[in-house]
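To start, the structure under review is shown below, and the notes come after it.
The values are calculated or read from the model by the stated rules, or taken from the named source; none is laboratory data. What you see is a predicted model, and the numbers here were worked out from it, not measured in a lab. Every residue, glycine as well, gets a Cβ built from its backbone with ideal geometry; the counts of neighbours run over all protein chains shown.
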C-alpha cells in the first residue's frame with residue numbers, strides 16, 4: 001500500500017470516528033436532559049416543547065450519522081474504488097483529452113456525488129422535517145428547486161471549472177496564482193449577483209409593507225450609520241416553518257431579507273433587535289475578516305494544488321492511474337477536507353466570538369431583553385435543543401449555546417436598566 005494511501009485512510013478514519021463519537025455524545029446528552037427545561041426558558045418553553053426539541057435533535061443526529069458513513073463510502077468508491085478514473089475514461093471517450101473533456105470529467109464526478117446524496121435530501125425533507133411539522137415543501141417545489149439548482153451548478157460550475165483548467169494548461173508554473181485571482185473575482189461576482197439574479201429563481205421577494213416596522217428599521221439603520229438598498233420579505237413559508245433573517249449583496253446592492261415566518265412570530269422590538277445583531281457583523285468588520293481569511297486559505301489551497309498536481313504519487317495513491325489537470329482538481333476538492341476538518345473547532349470558536357460581539361452591539365443599539373426574548377422564541381419555534389453537549393457544541397456550533405447566550409443578553413439588559 002502506498003504511504004499516502006495509508007495516510008489518507010487513517011485521516012478519514014480519524015475524522016469519521018470523531019464525528020460519530022461527537023454525534024453519539026450529543027444524542028446521549030440531549031436525551032438525558034429532555035425532561036427538564038432549563039430555568040432561563042421555563043416561563044416560555046413547556047416540557048412538551050422541550051421534549052419535542054430533544055427528539056428533533058436526536059433524529060437529526062441519527063440521520064447525520066448514517067449520512068456521514070454513506071458519504072465516506074461514496075468518497076472511497078470515487079477514489080480508491082476507481083470511480084474518478086472510470087468517469088475520466090468516459091469523458092475522454094466522449095470529448096477527447098481536451099478542455100471540454102476535462103470539464104466533463106470534473107462536472108461528471110460532482111454530479112454523481114450530488115445524485116448519490118439525493119435520497120438523504122428527500123428523506124430529510126419529506127420524512128424528518130415533516131414528522132416534526134416543519135416541512136411545507138411540496139414534491140413539485142422540491143423537484144423544481146433541485147432542477148434549477150442542478151442547472152445553475154452545471155452553468156456556473158462548468159464555467160469556473162473550464163476557466164481553472166484553461167489557466168492550469170496555459171498560465172505556466174505560477175498558474176495557481178492566476179487561478180486564485182480568477183476565483184476571487186468569480187466569488188465577488190456571484191456574491192453581487194446572488195440577490196439580483198440568483199435568489200429570485202428560488203424564492204419570491206416582496207418589499208416590506210409594514211410602514212411602522214419599516215420606520216423602526218430605518219431609524220435603526222440611521223443610528224448605526226448603515227445603508228441598505230432595500231428591505232425585503234421572503235416567502236420562506238413555502239418550504240419550511242423555520243424562520244430567519246439575513247443580509248446579502250455587495251456595495252449598493254446590499255439587501256436586508258426577513259423570512260415571512262420570522263415576521264409572523266416576533267414583535268417589532270424583537271425584529272429590530274435581531275436586525276441590530278445582523279447589522280453588527282458588518283459594522284464590526286466580521287464580514288471583511290471572514291472574507292480575508294477565506295482569501296488567504298484559498299490562496300494556500302491553490303498553491304498546494306499547484307504542487308500536488310505535479311506529484312505522480314498523488315494520483316496513484318488515490319486510485320487514479322492517469323494524471324491530468326481535471327483529476328488533480330477533483331482529488332484536491334474531495335480529499336483536502338479529510339485533512340482540514342481538524343480546524344473546525346477553531347473556526348467555530350471564532351464564529352461564536354463574533355456572535356457574542358454582535359449581541360453586545362445589538363444591546364447598545366436596540367433592546368437587549370427584546371433580543372433575548374426573540375432568541376427564546378426562535379429556539380422554541382425551530383425546536384432547537386436548549387441543552388447541547390458542551391464538547392459537541394464547542395466542535396460544531398457556530399453560535400453560542402442558548403443558555404449562555406440568553407444569560408449574557410439578560411445581564412446586558414439588567415446592566416443597562418441599572419445604569420445612571
> Restricting attention to region 169-187, which residues are surrounded by 13 or more Cβ atoms within 10 Å (Cβ to Cβ) and more than 25 Å from residue 310 (Cα to Cα)?
Replying inline: 186, 187
> Given the residues 223, 214, 204, which is the only one that is modelled with pLDDT of 85 or more, under 18 Å from residue 149 (Cβ atoms) and loosely packed, with under 15 Cβ neighbours inside 10 Å?
Replying inline: 204
> How many residues are in contact (Cβ under 8 Å) with a residue 40 or more places away in the chain, more than 13 Å from residue 331 (Cα to Cα) and part of a helix (DSSP H, G or I) if we restrict to region 71-99?
Replying inline: 5
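Go through region 26-37 and count every residue that is in a helix (DSSP H, G or I) and buried (at least 17 other Cβ atoms within 10 Å of the Cβ). Please lay out each step first, then the result.
So in region 26-37, the residues in a helix (DSSP H, G or I) come out as 26-32.
Remaining after also requiring buried (at least 17 other Cβ atoms within 10 Å of the Cβ): 26-27, 29-30.
Of the residues in region 26-37, 4 are in a helix (DSSP H, G or I) and buried (at least 17 other Cβ atoms within 10 Å of the Cβ).
For (1) over 26 Å from the mean Cα position of the chain (by Cα); (2) within 17 Å of residue 401 (Cα to Cα), each residue gets a yes or a no:
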position: 48; (1), (2): yes, no
position: 54; (1), (2): no, yes
position: 57; (1), (2): no, yes
position: 72; (1), (2): no, no
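Regarding residue 243, is this residue within 27 Å of residue 378 (Cβ to Cβ) and under 22 Å from the mean Cα position of the chain (by Cα)? Before you say what the answer is, go through the steps one by one.
Values: within 27 Å of residue 378 (Cβ to Cβ): yes; under 22 Å from the mean Cα position of the chain (by Cα): yes.
Answer is yes for this residue.
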> Any residue at all in region 67-88 that is crowded, with 18+ Cβ neighbours inside 10 Å, touching a helix residue (DSSP H, G or I) at 6+ places or on another chain (Cβ under 9 Å) and farther than 26 Å from residue 337 by Cβ?
Replying inline: no
> In region 351-420, which helices (runs of 4 or more DSSP H) lie fully inside it and hold 2 or more residues that are under 21 Å from residue 56 (Cα atoms), modelled with pLDDT of 95 or more and under 20 Å from the mean Cα position of the chain (by Cα)?
Replying inline: 390-396
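Can you go through 334, 371, 329 and tell me which one is touching a residue at least 12 places away in the same chain (Cβ under 8 Å) and closer than 19 Å to residue 45 by Cβ?
On the way: 334 fails: closer than 19 Å to residue 45 by Cβ; 329 fails: closer than 19 Å to residue 45 by Cβ.
The conditions single out 371.
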